[in-house]
Amino acid sequence: MRPSVMRLVRSAVITVTALAVSLPTVVAAQGVHADEHRKLDAVAIGDSVMLGAKTQLRKAGVTKVDATVSRQASVGPGLVRERGASLPEHVVVHLGTNGTYTLKMCRQLVRAAGPTRTVYLVNVKVPRAWEDVNNRMLRRCDAKFRSDRVVLVDWNSVASKNPEYLYADGYHLRPEGAKAFARMVRKAISTPRAPYLDRL
């Protein structure tokens, strides 16, 4: 076989081998990407902060996002209760931005979700006097149940470390903040005890 033909054969073998080696990597990458957008059996209930991330939460796989402006924490238990048997497996709650969030409200909300659901309590980042009060209360609410039924998600820490996620008011979400909020929620549901989740 002539040298030029040998070079062509070697080139073809190298090319095919490279494709064979890289193919599993491509397939694996596609699988991971697909999993990131897999639908979650989840509802997210919140106020205007969560409303700012509604589109991103839906893209992240959250089935239903029920968020509205100026929502008070006091309506939380009722919003959970009224869904009854249709309540999904995962219940994400971000309330307490607009005023005091009491321990009684939180306990009622978790009990309304029932023993077969997991409630993800997202703490608050808001430049108001009740920020620390509400976040301390969420710690106590979690301690009351002491089980995997309640998972605390530390949005306060994420937002404090990344002020660029928030508008000048200090709590509503810029586009990058909305993406970060949605990623945080998805990770919380997918891996409830991941290291980034603080036992507050």
Residue separation between Arg183 and Ala85 times 0.36 nm, minus their alpha-carbon distance, gives in nm 32.6 nm
Expected unfolding gain across Glu176-Val75 under the 0.36 nm per residue rule, minus the alpha-carbon gap, is 33.5 nm
Whole-Hz Karplus couplings 3J(HN,Hα) for region 66-72, θ = phi - 60° and coefficients 6.51, -1.76, 1.60, Gly and Pro as x, run 10, 9, 8, 5, 6, 5, 8
On the formula 1/(1 + (r/R0)^6), with r taken between the Cβ atoms of Arg139 and Lys39 and R0 of 41 Å, the FRET efficiency rounded to 0.05 is 0.85
The extension gain from Ser147 to Lys161, computed as 0.36 nm times the residue separation minus the Cα-Cα distance, is 2.2 nm
Checked region 39-190 with the C-alpha gyration tensor, a ≥ b ≥ c its square-rooted eigenvalues, rounded below a/c of 1.5, otherwise prolate if a/b is larger than b/c and oblate if not; verdict oblate
If amide H atoms are modeled at 1.01 Å from N in the peptide plane, then the residues at a separation of 5 or more from Val153, or on another chain, having amide H under 5 Å from its own are Leu121, Val122, Asn123
Restricting to Cα pairs under 8 Å and 6 or more apart, the percent relative contact order of region 39-190 works out to 25 percent
Computed from the beta carbon distance with a Förster radius of 35 Å, FRET efficiency for Thr116 and Asp169 to the nearest 0.05 stands at 0.40
Of the listed pairs Lys64/Lys187; Lys104/Lys161; Lys104/Lys179; Lys59/Lys104; Lys59/Lys187, those with alpha carbons more than 25 Å apart are Lys104/Lys161; Lys104/Lys179; Lys59/Lys104
In debye to the nearest 20, the charge dipole size for region 39-190, taken about the Cα centre with +1 at each Lys and Arg Cβ and -1 at each Asp and Glu Cβ, equals 340 debye
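All of the numbers you see were taken from the coordinates with simple rules; none came from a lab. These numbers were taken from a predicted model, which means no experiment stands behind them. As a convention, Cβ positions derive from the backbone with ideal geometry for all residues, glycine included, and neighbour counts pool all protein chains shown.
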